[in-house]
């Protein structure tokens, strides 16, 4: 079972914070919200077993021990996800939920394809994951029967914040391996966030985006310090986690204002 469960602690925050933010703003029916949360968790946990099954189909030449467990996990998880979707989403919103489900399946397929090609530690794989994980906010919104405009903004801002941190982590890992990090790629997320803040300058959303750009900009500048390669990665993870929590609070606050 241990091989089937994701180990990325940062992924859990990228999943849970957008969901919680949308739930706070919308206050959907408790029963539907619980079902939506179970749906989000089921979809999140299904990716690992699906990757195992894809590798068994296209990469591994002989059956592996974990394949049977993955099949059982996918069978049970698929039934749970389908049942939770029916319970969580009111009937009038089923067509919109189907469109969102198709988009989620597409992102999942891209992730599986990258993993099968042994690119599960790549920036591309993790950025696709960031976009998909932020989609938990849309599931929470669907449990109320619709996706308001601000919920799309919350999803996009959360995805941008999560994606911007990924190349920074990769740059720090490169320094630890005594490799030359790609500073332009590490700073691309900061520039994208600043551009988004400029586009939203007439709303309070710009405050949350500017905070995100500031946090990640400080991490980008720290890559140039002499001891950057020796700094513990756990410290970086805690800083990014704290930044994500504050960013989510600011995001909810900005979207709650008229």
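Each stretch of four or more DSSP H residues adds -39500 (n - 2.57); spread over every residue of the chain, this sum gives -26500 deg cm²/dmol at 222 nm.
Here the gap between residue 57 and residue 207, fully extended at 0.36 nm per residue and compared with their Cα-Cα distance, gives a gain of 49.3 nm.
State whether segment 1-147 is rounded, prolate or oblate according to the following rule on the C-alpha gyration tensor (a ≥ b ≥ c being the square roots of its eigenvalues): a/c under 1.5 gives rounded; otherwise a/b larger than b/c gives prolate, and the remaining case gives oblate. Prolate, since a/c reaches 1.5 and a/b exceeds b/c.
Seen through its C-alpha gyration tensor, with square-root eigenvalues sorted a ≥ b ≥ c, the chain comes out oblate because a/c lies at 1.5 or above while a/b is not bigger than b/c. How would segment 55-131 be classified by its alpha-carbon gyration tensor: rounded, prolate or oblate, with rounded meaning a/c under 1.5 and the a/b versus b/c comparison settling the rest? It is oblate, given that a/c is not under 1.5 and a/b is not larger than b/c.
Protection proxy ranking for 125-133, 59-67, 244-252, using the average of other Cβ atoms within 10 Å per residue and placing the highest first: 125-133, 244-252, 59-67. Of interest is the spacing of the C-alpha centroids, which for segment 186-258 and segment 128-164 amounts to 17 Å. Potential lengthening of the chain between residue 239 and residue 116 amounts to 41.1 nm, from the contour at 0.36 nm per residue minus the alpha-carbon distance. Ordering of 42-49, 159-166, 31-38, 68-75 by packing is 159-166, 42-49, 31-38, 68-75, highest average first (other Cβ atoms within 10 Å, averaged per residue). For the chain, averaging the sequence separation of C-alpha pairs within contact (under 8 Å, six or more residues apart) and dividing by the residue count gives a relative contact order of 23 percent.
Since every read-out is calculated from the coordinates, none of them should be taken as a lab result. Everything numeric here is computed off the predicted structure, so don't read it as measured data. Glycine gets a Cβ as well: all are built from the backbone with ideal geometry, and neighbour counts include every protein chain shown.
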